[in-house]
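Undergrad: Just dropping this structure here.
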Amino acid sequence: MTGKARRTDGKRNSYSMEKKIRTPLEGDVIRLLGAGEKVLLSGYIYTARDAAHKRFAETIKAGGQLPLELKGQVIYYCGPSPAPPGRVIGSCGPTTSSRMDAYAPKLISLGLKGMIGKGRRSPAVRDAMKQHEAVYFGATGGAGALISRSVVSAEVIAYEDLGPEAVVRLEVRDMPLFVINDIYGNDLYETGVERYRSGPLY
Amino acid sequence: MRDIHTDEIISAIENLFIDANINLPENVYKAISDAVEKERSPVGKEVLKELLRNADAARQEHMPICQDTGVAVTFLEVGQDVHIVGGGLAEAVSEGVRRAYKKGYLRKSCCHPFSRKNTGDNTPPVIHAKIVPGDKLKITVLPKGGGSENYGEVRMLVPAQGRDGVKTFVLEMVKKGGPNPCPPIIVGVGIGGNFETSAMLSKEAIMVPIGERNADEELAAMEMELLGEINRTGIGPQGYGGTVTALDVHIRMVPCHLASLPVAVNIQCHAHRIREMVL
């Protein structure tokens, strides 16, 4: 079939297997999540990317207090575009997660239960997720305008001087995500790709 | 000689960058729309539908398609009979970028390479200027995100590696990027010239309209072979597994030194934002 260019209605969601979950993430919810599942996430999440993670690490090393209580929380690797007048936030899709790999295992060991981003995680991060029962969600890269519709409120809670890299507490409603790494060691980037590969070894 | 005032250039650059960042080109929208039909993975299909919903949302809400509104890559084809008045051409482009990223609520993504301090206004832009016959000024803007740009590379192959060497290199880059450059991607391949020419050719290649084949039959066939092989890697939309990993592959080739085979690969994400205007 070759489709003609077609506008979608911008609201409806046809994927049949989606599951609604809320933050803070509890063990009983996390244990039911499997790689490849679509979820709609609601509640509070925190944006943090390169520079904020560097500061988290420095704070932890110095024995200081982090600007957020990590237990049960979800960090979103995101640096939004500025909010236009009358809007809560600008475009706010995920950035590449691997740049935060050096910092993630420590945060997971301190109680972080979820990370949202795009792209593969390092073996160390995947091990930490298994050991401490944390999950990694993929938000669709380059879908920042759509994702902004899920954001109900946004408040800078730390590192305002970092501009787009400040830590922002977002209240989200039905944010569309896919489970990439579950707590059982499954990785959608491996299983999904293996399933559809028909060329030489990927 | 024809005079073009820098005020006109500033305003064109401002409008082009705002427009490019918000409105996905029709042919890219159509390519993603076609990919929904071609994709075999249900997860992949869902991701592609999200991309269409996203393009709709951006257009309706006048919001950037992606928060990474890129480094401001600007191509200028300056007619040799054009006389720029009112100031410097490069400064006019910078001023247009400064205004676009402020007025359009676009993210400023330019920083000092070591301290990582943001320049604050998304300058300096990357400017490529070419002198061409005529008395017109053609401006093409390509706001380019970091995620896809990070998976480009220039490699000086040994001439004996030939066509197969080029294909292996391209596939290696696509696999190395995997999910990170936001597939379905557009792959630009520059062959020949020298070190920097191959890089420029690869960038020009990603700007070729989706579906357009190289005029050279051998290269057109190679583009199709590569597209097929890339789509058999299984990477799929967002790297979640699937049969549409690339929307297209374009090759640009020019002669090179007897001793060299320069090849560059430049990757573009599915949010292929591009606009042009002739003054």
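Undergrad: Run B:S109 past the list (1) in contact (Cβ under 8 Å) with a residue 24 or more places away in the chain; (2) of a type in the set (G, A, S); (3) in a loop (DSSP other than H, G, I, E, B); (4) over 22 Å from A:Y77 (Cβ atoms) and report the number of the one that doesn't hold.
TA: Failed condition: (4).
Undergrad: Another question about this same structure. Can you go through A:I89, A:I75 and tell me which one is modelled with pLDDT of 95 or more and more than 21 Å from B:N180 (Cβ to Cβ)?
TA: Unique residue meeting the criteria: A:I89.
Undergrad: Now a separate question. In segment B:246-272, which residues are in contact with a Phe, Trp or Tyr (Cβ under 8 Å, 6 or more places away or on another chain) and under 29 Å from B:A20 (Cβ atoms)?
TA: Those that are in contact with a Phe, Trp or Tyr (Cβ under 8 Å, 6 or more places away or on another chain) and under 29 Å from B:A20 (Cβ atoms): B:V263, B:V265, B:I267.
Undergrad: If a residue has to be assigned to a loop (DSSP other than H, G, I, E, B), touching a residue at least 60 places away in the same chain (Cβ under 8 Å), touching a Gly at 6+ places or on another chain (Cβ under 8 Å) and over 28 Å from A:P84 (Cα atoms) to count, how many in segment B:65-100 make the cut?
TA: Number of matching residues: 1.
Undergrad: Can you tell me which of A:G163, A:G119, A:G144 is surrounded by 24 or more Cβ atoms within 10 Å (Cβ to Cβ), facing another protein chain (nearest Cβ under 7 Å) and on the phi > 0 side of the Ramachandran plot?
TA: Going through A:G163, A:G119, A:G144 in turn, just one is surrounded by 24 or more Cβ atoms within 10 Å (Cβ to Cβ), facing another protein chain (nearest Cβ under 7 Å) and on the phi > 0 side of the Ramachandran plot: A:G119.
Undergrad: Now, a different point. Residues in segment B:1-29 that are buried (at least 17 other Cβ atoms within 10 Å of the Cβ) and facing chain A (nearest Cβ under 9 Å): how many?
TA: The qualifying residues number 3.
Undergrad: Now, a different point. One residue is enough: does segment A:98-117 have a residue meeting the conditions in a helix (DSSP H, G or I) and out of contact with any helix residue (DSSP H, G or I) (no Cβ under 8 Å at 6 or more places or on another chain)?
TA: yes
Undergrad: Let me ask something else about it. Out of segment B:132-171, which residues are part of a helix (DSSP H, G or I), more than 13 Å from chain A (Cβ to nearest Cβ), free of Cβ contacts under 8 Å to residues at least 60 places away in the same chain and not charged (D, E, K, R)?
TA: B:A160
Undergrad: Need the failing condition index for A:D187 against (1) more than 8 Å from chain B (Cβ to nearest Cβ); (2) under 14 Å from the mean Cα position of the chain (by Cα), just the number.
TA: Unmet for A:D187, out of (1) more than 8 Å from chain B (Cβ to nearest Cβ); (2) under 14 Å from the mean Cα position of the chain (by Cα): (2).
Undergrad: Is it the case that B:P179 is closer than 30 Å to B:T123 by Cα and touching a strand residue (DSSP E or B) at 6+ places or on another chain (Cβ under 9 Å)?
TA: Considered against the rule, which asks whether it is closer than 30 Å to B:T123 by Cα and touching a strand residue (DSSP E or B) at 6+ places or on another chain (Cβ under 9 Å), B:P179 comes out as yes.
Undergrad: For segment B:177-208, enumerate the residues that are away from chain A (no Cβ under 14 Å), surrounded by fewer than 24 Cβ atoms within 10 Å (Cβ to Cβ) and not hydrophobic (A, V, I, L, M, F, W, C).
TA: Scanning segment B:177-208 gives B:G192, B:G193, B:N194, B:E196, B:T197, B:K203, B:E204.
The values are calculated or read from the model by the stated rules, or taken from the named source; none is laboratory data. If you're wondering where the values come from, they're calculated on a predicted model, not measured in any experiment. Glycine gets a Cβ as well: all are built from the backbone with ideal geometry, and neighbour counts include every protein chain shown.
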